[in-house]
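Visitor: Take this structure first; my questions come after.
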């Protein structure tokens, strides 16, 4: 094999191994590469195909990443930097050009929020807020972790009930598509107790305690109160990943 042919072969192999390395960062820990491919409904030869032909098709990537509970958009968002071994920018999926990058993630809408008194029974009431999804007051940079959630948004904390976890005035992200678990900070949309004609929705911003068939247990910190919300009052629960920097 000529010297020039060897150089081309090394360049292609390095490019192909880069997307393989990037994909392995997303591999489900409980699966081998072959088991991952089988669960995704693609051929186990997908890894060898990458070595022979370069980047896989976008459809193949979508299937693999779906099993890893992520998306092509989030995968690309984490591949925008240069390849530390080659010095080149990471190649786009199913694209053989070195200078292609995925578009930047869409900005995160910051929706209106306001204090709305208290909610619950006398003697066991927690701070209530309201949000207005139709009123976007700003657009903020979207964290890469929210690239796969088109329904994500941001809001401003308006009360002191979650201090010191959230101080009044901070902006937090809300991810309706994220899985929730006890210990997470959550936004709970409630039925009733709000003027529905002007678009304001009653919500509780609390820490999720336990979940049972009848509803959920929520905790606030200032003052420290635990309250059980019956399922009939709940429209939806969305995870609050944290403050936006």
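The values are calculated or read from the model by the stated rules, or taken from the named source; none is laboratory data. For clarity, every value in this text was computed on a predicted model and none was experimentally measured. In this analysis, Cβ positions are derived from the backbone assuming ideal geometry, glycine residues included, and neighbour counts consider all displayed protein chains.
Visitor: In this structure, does residue 178 turn out to be assigned to a loop (DSSP other than H, G, I, E, B), touching a helix residue (DSSP H, G or I) at 6+ places or on another chain (Cβ under 9 Å) and buried (at least 16 other Cβ atoms within 10 Å of the Cβ)? It would help to see each step written out before you state the result.
Guide: Values: assigned to a loop (DSSP other than H, G, I, E, B): yes; touching a helix residue (DSSP H, G or I) at 6+ places or on another chain (Cβ under 9 Å): yes; buried (at least 16 other Cβ atoms within 10 Å of the Cβ): yes.
Considered against the rule, which asks whether it is assigned to a loop (DSSP other than H, G, I, E, B), touching a helix residue (DSSP H, G or I) at 6+ places or on another chain (Cβ under 9 Å) and buried (at least 16 other Cβ atoms within 10 Å of the Cβ), residue 178 comes out as yes.
Visitor: Take the conditions in a loop (DSSP other than H, G, I, E, B), touching a helix residue (DSSP H, G or I) at 6+ places or on another chain (Cβ under 7 Å) and buried (at least 19 other Cβ atoms within 10 Å of the Cβ) and apply them to residue 148. Does it pass?
Guide: For residue 148, the condition - in a loop (DSSP other than H, G, I, E, B), touching a helix residue (DSSP H, G or I) at 6+ places or on another chain (Cβ under 7 Å) and buried (at least 19 other Cβ atoms within 10 Å of the Cβ) - is met.
Visitor: Would you be able to say whether some residue in segment 204-213 is within 23 Å of residue 244 (Cα to Cα), over 21 Å from the mean Cα position of the chain (by Cα) and surrounded by fewer than 18 Cβ atoms within 10 Å (Cβ to Cβ)?
Guide: Keep residues of segment 204-213 that are within 23 Å of residue 244 (Cα to Cα), which gives 204-208.
So of that shortlist, the ones also over 21 Å from the mean Cα position of the chain (by Cα) come out as none.
Taking every residue of segment 204-213 in turn, none turns out to be within 23 Å of residue 244 (Cα to Cα), over 21 Å from the mean Cα position of the chain (by Cα) and surrounded by fewer than 18 Cβ atoms within 10 Å (Cβ to Cβ).
Visitor: Within segment 119-137, can one find any residue that is at negative phi, assigned to a loop (DSSP other than H, G, I, E, B) and surrounded by 15 or more Cβ atoms within 10 Å (Cβ to Cβ)? Walk me through how you get there before you give the answer.
Guide: Initially, segment 119-137 is screened for residues at negative phi, giving 119, 121-122, 124-137.
Of the ones still in play, those that are also assigned to a loop (DSSP other than H, G, I, E, B) are 122.
The next check asks that each one be surrounded by 15 or more Cβ atoms within 10 Å (Cβ to Cβ); those that pass are none.
No, segment 119-137 contains no residue that is at negative phi, assigned to a loop (DSSP other than H, G, I, E, B) and surrounded by 15 or more Cβ atoms within 10 Å (Cβ to Cβ).
Visitor: How many of the residues making up segment 216-245 are free of Cβ contacts under 8 Å to residues at least 24 places away in the same chain, surrounded by fewer than 15 Cβ atoms within 10 Å (Cβ to Cβ) and assigned to a strand (DSSP E or B)?
Guide: 4
Visitor: I would also like to ask the following. Give segment 67-90 a look and list any residue that's touching a helix residue (DSSP H, G or I) at 6+ places or on another chain (Cβ under 7 Å) and either closer than 29 Å to residue 175 by Cβ or at pLDDT 75 or above (or both), or say none.
Guide: 67, 71, 72, 74, 75, 77, 78, 79, 90
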